[in-house]
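Here's the structure we're looking at; comments come further down.
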Amino acid sequence: MHSPEAVAEKLRALLEDIVGGAVPLDEPGARTVPLWNLGLTSTGFMRLLDAIDETFGVEWDLLDSVDAVSSFDNLVAHIAAEPDTRAAVREGADQ
Amino acid sequence: MADLEFGQLDVRYADHETLALGGGVELSYEVRGEGPAVVMLNNFAMVSPFWHGFTTQLEGDFQLINYDLRNQGNSKPGPEKVRFVDHVEDLKALLDHLKVDRTYLIGTSISTLIVRDFALRYPERVAGLVLVGPAFSPNGGLRRELVTRSWVASLDSGGIPQFFNHLYAMSFCDQTINGGGLPAYLALRDSFASLFTAEGIKENFLASLELDDNPELLSRITAPTLLILGDGDFSWSESVVEDALARIPGSRAVTLARAGHVPFFDDPDGFQKATGEFLRELVAAGQHVPA
């Protein structure tokens, strides 16, 4: 269960918590547009980065993060590629 | 709402109205508070609602008017190529529409030149100027032209992402950039990329190259003028401030520590304190505008 799908599910929950409602991720193209288009303000964006750090143990660096945060799908791919993240998602799935 | 921390932007257009200027041009504007009128002009890298986060302490004493320039944010440019003088005449049209005969003006970066030109064209409409991190120099225009062309080159070579990196590194002070870290940078980058197009910003910058940068024009300003600088502004040093004060009659300056080219971002409180004290002093001295 340490698949990108599991990461996507957790990330979606974080995003909806911060935005305060459902985000239209199931609409065509929604997963590849900037997060702003999903209703994420700059304040929410900063909260999301904190939440990703806390939830997945992802540490950001400049070169990787610029592309990683450019869309929902890129975020999922970036998080899923983190070794610590795989462990975190696996632990969550085992509980 | 409370002032925002660095990296957080208010982009709510909830209370904005639209002024149609003909030819397809529309200005999106907002009026808040009561008292003497204060108009705040965007630079080329911000939109009208941003002002909310930097002006809450002024709302109680002044009628605050902010708007998007004709080719940014919710305003519409119309089909014609934008000229810099359009921004000057748009300001006059907005004041006429709002029946504001006389006002205080706040400009930031490039819009200090819109403010300058408006004050020279319509001195009877201006009761005082607040020029924040001016794009002009009291010594000439070569540096501004070089900076402008380097920004356009960034837009041409790397679009909004490269331009934003260029802008970010130059606009904010060292403490703000490093204090905000990657979260603030990434948050503002995402917002910026969603709010602006490379074409719109480039058109504005190219139009600004039409400007007459003759510093002698600054000597013709008749309104009381406050300069607000950040001590981390890439183009202003202590001695350049002295040159500006010598050039602009009736001017004074406040330099904010740990602030950059747009010091209201780095130090919203310092910006509002300096602006509020200056404007209230003008009101008390009779340089007031009809409330």
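Is one or more of the residues making up the stretch B:94-114 closer than 20 Å to B:Val283 by Cα, in a loop (DSSP other than H, G, I, E, B) and among the aliphatic types (A, V, I, L, M)? Yes: the stretch B:94-114 contains one or more residues that are closer than 20 Å to B:Val283 by Cα, in a loop (DSSP other than H, G, I, E, B) and among the aliphatic types (A, V, I, L, M).
Return yes when B:Leu195 is facing another protein chain (nearest Cβ under 10 Å) and either more than 19 Å from the chain's Cα centre (by Cα) or open to solvent by less than 20 Å² (accessible area, probe 1.4 Å) (or both) and no when it is not. If you could, list the steps in order and put the result at the bottom.
Working: facing another protein chain (nearest Cβ under 10 Å): yes; either more than 19 Å from the chain's Cα centre (by Cα) or open to solvent by less than 20 Å² (accessible area, probe 1.4 Å) (or both): no.
No: the conditions fail for B:Leu195.
The single condition from (1) touching a His at 6+ places or on another chain (Cβ under 9 Å); (2) among the polar types (S, T, N, Q); (3) more than 8 Å from chain B (Cβ to nearest Cβ) that A:Thr55 fails is (1). Taken together, B:Thr103, B:Thr112 contain a single residue that is touching a Pro at 6+ places or on another chain (Cβ under 8 Å), without any contact (Cβ under 8 Å) to a residue 60 or more places away in the chain and either under 25 Å from B:Ile228 (Cα atoms) or surrounded by fewer than 16 Cβ atoms within 10 Å (Cβ to Cβ) (or both), which is B:Thr112.
Kindly indicate the residue of the stretch B:14-51 that is within 13 Å of another protein chain (Cβ to nearest Cβ) and not aliphatic (A, V, I, L, M) and also surrounded by the fewest Cβ atoms within 10 Å (Cβ to Cβ) among those meeting that condition. In this case the residue turns out to be B:Pro49. Conditions first: (1) surrounded by 13 or more Cβ atoms within 10 Å (Cβ to Cβ); (2) small (Gly, Ala, Ser); (3) modelled with pLDDT of 90 or more; (4) closer than 25 Å to B:Pro161 by Cα. A:Ala8 passes all but one, so which condition is the exception? A:Ala8 satisfies all of (1) surrounded by 13 or more Cβ atoms within 10 Å (Cβ to Cβ); (2) small (Gly, Ala, Ser); (3) modelled with pLDDT of 90 or more; (4) closer than 25 Å to B:Pro161 by Cα except (4). Apart from one condition, B:Pro138 fits all of (1) in contact with a Lys or Arg (Cβ under 9 Å, 6 or more places away or on another chain); (2) away from chain A (no Cβ under 14 Å); (3) in a helix (DSSP H, G or I); the exception is (3).
Among the residues of the stretch A:58-69, those that are more than 8 Å from chain B (Cβ to nearest Cβ) and either within 20 Å of B:Gln8 (Cβ to Cβ) or open to solvent by less than 30 Å² (accessible area, probe 1.4 Å) (or both) comprise A:Val58, A:Ala68. The set of residues in the stretch B:161-184 that are without any contact (Cβ under 8 Å) to a residue 60 or more places away in the chain, more than 16 Å from B:Ala259 (Cβ to Cβ) and either open to solvent by 20 Å² or more (accessible area, probe 1.4 Å) or in a loop (DSSP other than H, G, I, E, B) (or both) comprises B:Pro161, B:Gln162, B:Asn165, B:His166, B:Gly181, B:Leu182. With respect to being over 18 Å from the mean Cα position of the chain (by Cα), among the aliphatic types (A, V, I, L, M) and surrounded by fewer than 18 Cβ atoms within 10 Å (Cβ to Cβ), B:Ala257 fits the description.
The values are calculated or read from the model by the stated rules, or taken from the named source; none is laboratory data. For clarity, every value in this text was computed on a predicted model and none was experimentally measured. For neighbour counting, all protein chains shown are included, and Cβ atoms are generated from backbone atoms with ideal geometry for every residue, glycine included. When the accessible area is computed, the model is the full protein with side chains, heavy atoms only, and any ligands, DNA or RNA have been set aside. Shrake-Rupley method; radii C 1.70, N 1.55, O 1.52, S 1.80 Å.
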